[in-house]
């Protein structure tokens, strides 16, 4: 992944922990299901009777029911690696902290940023055990984002190449954290538990699309303050959103498109809501539940 120089001017977050090379501890399976699961960034595994290929920046993004598995025994160490991708992740996370900190402050609230854990191969979170095949994910039980940076290579192979496509992954996962802080995640989880499967899926789609919109909100403000977007970057992000739409993934797997089974939204929907956030910079414009 080639990174634009403008990202290097962003502040590095101190909330990145590195467990690459550490033991994974006991394996509590990552639970995915109605009313439960991991709210994640942008990419995903779509399960439609069989396990789909990696689908984008947040891969297994469904809400968890209550507290998941045992917390990870590996809290990780502060990021010390000097590789370019890890530096990029820390700087993008730092930018999300600055943007959402300012947005929350406008409402008189304090933004509590998430931790981000870098792992390789597999990781044990408070939401259970996950392998790299799960893609990046957010665990509401410990309010952490989990990311195997090799996912960026997978995303590029799927058609989501470029630094902004990768930043969109992180922005989407942080969007799920914002939903947790706002109480949206709990409200949706409760509604899902009272709903039929098809209605629960629609609520899940609305959650994912709102996280896409929140990623756009972050990018809007980051670009205003630091001019991080270069020509072609927006197209990269929209290309990633298209590549990970549920309809695109279903066609890629040789299956018919079945909207009732969507969990993240169609390519057009994901592009629409990312664009809405990018254009407006207004979290209030991200009401995917009523639009």
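For segment 156-175, the criterion of being out of contact with any helix residue (DSSP H, G or I) (no Cβ under 7 Å at 6 or more places or on another chain), surrounded by fewer than 22 Cβ atoms within 10 Å (Cβ to Cβ), modelled with pLDDT under 95 and over 25 Å from residue 225 (Cα atoms) is met by at least one residue. Counting residues in segment 252-269 that are under 18 Å from residue 172 (Cα atoms) and at pLDDT below 75 gives one or more.
The values are calculated or read from the model by the stated rules, or taken from the named source; none is laboratory data. These figures come from a predicted structure and were not determined experimentally. Glycine gets a Cβ as well: all are built from the backbone with ideal geometry, and neighbour counts include every protein chain shown.
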